[in-house]
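See structure below.
No lab work stands behind these numbers, since they all come straight from the coordinates. Not measured: the values here are computed from a predicted model. Here the Cβ is made from the backbone with ideal geometry for all residues, glycine too, and neighbour counts use every protein chain on show.
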Amino acid sequence: MKGSGSMKRFFRICSLVLVGMAFSLPTAAQSPYSAAVNINGEGVTHFEIEQRALLLEALGTLGDVRRQARNDLIDDRLKIQAGRAFGLSVNEEELKAGVDEFTQRVNMTPEEFTSYLIQAGVEPETFTDFVNVSLVWRKVIGARFQSKAFITEAELDTAMSQGNINLGASVLLAEIVLPYTAETRTETLELASEVRNGIKSFADFEDAALTFSASPTRANGGKMDWTPVQALPPDIAKMLLTMGVGGVTPPLPLPGAVAIFQLRGVRDNRAAATKTIAYDYSTLLLPGGRSAETLETAAKIRLQVDTCNDFLAVSTKYPEEYYSQQVTAVRQVPKAIAAELVHLDDNEISSTLTAGDNNEFLMLVMLCGRTNSISEGNREDVRLALFNQRMEAFGEGYLQELKGDAIIREK
């Protein structure tokens with residue numbers, strides 16, 4: 001399976017992200033249908049919390065899923081109450097469309113996804129309630145803030161002239177892909193579960209990929225390239241951005257295969273709507289190539305240096321010709337250095353490269369800044385990004401306002 005192909009398949013099922021940790025059950029003395037918390041006179045039962053925790057686990061949420069379930073259900077009550085205050089609700093057709101949209105993204109029919117959840121102990125109503133709240137809240141935020149989130153042409157011009165619009169992030173993943181036939185499906189799924197349960201670290205994942213994966217990335221421990229989250233639907237992107245680095249998904253169904261993914265990193269994706277036209281960067285050559293002593297020196301420099309001025313100060317300990325700083329058009333930057341700069345944040349140092357006829361120098365590369373531009377062709381993309389960011393901020397602020405005004409009693 002091609003790496004890019006597996007990524008596309010992953011996009012179709014990536015709402016099942018990162019398996020959660022185990023959670024404790026209510027004590028036997030508690031009735032599952034008694035209220036665990038009361039929000040403005042409306043209770044959330046222990047059963048609801050248990051069910052939401054199972055749903056979060058099935059969706060792969062990291063951390064204390066029971067605590068998150070409790071907090072999420074408090075938020076949900078407030079969102080539904082806000083919808084009621086605005087006279088907003090979701091009809092059956094809208095709910096069905098929301099369910100269809102969600103299940104399509106995991107490459108399942110609603111019936112298949114419901115069956116998957118039932119196997120995980122999740123009642124179908126728990127999932128439809130989950131979708132319903134999301135749809136109601138979307139209506140509430142739209143009704144309350146859409147006019148306020150309008151992006152003026154002046155704001156858009158300013159944002160584009162700055163050239164640093166953040167339209168999302170990128171995720172760094174690793175994969176294990178186990179193909180199967182109709183005859184070997186059950187055996188392969190059991191193997192996938194065993195492999196997943198044995199992974200406790202990045203090293204474990206790499207070893208498992210080398211041992212079991214059939215993907216071309218196997219030789220590299222399953223490691224894949226950075227991929228923009230912007231390519232995903234907004235709700236899927238939000239899930240990815242809240243994942244814990246190091247987390248591992250449960251085995252996920254692909255056509256003719258099952259896959260396991262590990263999140264290895266998340267970073268800003270500045271290049272989504274901007275084009276870097278020049279780099280301001282510095283280099284410093286350290287004698288000794290990639291010897292242990294030189295690498296140790298490089299590590300110390302990285303700890304000492306916070307800005308390019310700090311880097312300049314450190315360089316005075318070395319011959320003048322070992323240091324350089326320049327602002328150079330992207331097309332004129334040496335390819336090896338450009339490949340490092342594209343991954344660096346401002347004032348970040350790379351120690352990957354070497355220099356000299358015999359690689360006798362370790363080259364430190366520090367990015368001091370970028371000169372960016374945004375083409376007019378991206379104008380509507382930037383407008384939409386600014387609008388979505390503003391709506392999200394309004395929504396979060398309004399939710400906090402609702403919490404501040406609410407009477408919440410823990411049982």
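Values computed for the structure shown
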| quantity | calculated |
| --- | --- |
| Whole-number percent relative contact order across region 275-373, with pairs defined as alpha carbons under 8 Å at least 6 apart | 50 |
| Within region 182-197: backbone nitrogen closer than 15 Å to the GLU112 label point (7 Å, Cα to C-beta) | 182 |
| Residues GLU187 and GLU396, FRET efficiency given R0 of 41 Å [Cβ-Cβ distance, rounded to 0.05] | 0.35 |
| Per-residue ³J(HN,Hα) for region 359-370, Karplus 6.51 cos²θ - 1.76 cosθ + 1.60, θ = phi - 60°, Hz, x for Gly and Pro | 6, 7, 10, 8, 9, 8, 10, 10, 8, 8, x, 10 |
| Derived scalar couplings ³J(HN,Hα) [region 390-396; Karplus, 6.51 cos²θ - 1.76 cosθ + 1.60; whole Hz; x for Gly, Pro] | 5, 5, 4, 5, 4, x, 5 |
| FRET E, pair VAL330, SER147, Förster distance 41 Å, beta-carbon r, rounded to 0.05 | 0.55 |
| Radius of gyration and Dmax over the Cα atoms of region 275-373, both given in Å | 12.9, 41 |
| Amide N proximity, region 118-134 versus TYR33 label position 7 Å along Cα-to-Cβ, cut-off under 13 Å | none |
| Amide H within-cut-off set for LEU353, under 5 Å, with H built and near neighbours excluded | MET363 |
| Descending semi-axes in whole angstrom, ellipsoid equivalent of region 305-348, from the Cα gyration tensor | 21, 14, 8 |
| Long pairs among LYS200/LYS223; LYS139/LYS223; LYS96/LYS148; LYS79/LYS200; LYS148/LYS403; LYS79/LYS411, criterion Cα-Cα beyond 28 Å | LYS139/LYS223; LYS96/LYS148; LYS79/LYS200 |
| Footprinting exposure proxy for PHE145, PHE113 (fewest neighbouring C-beta atoms within 10 Å first) | PHE145, PHE113 |
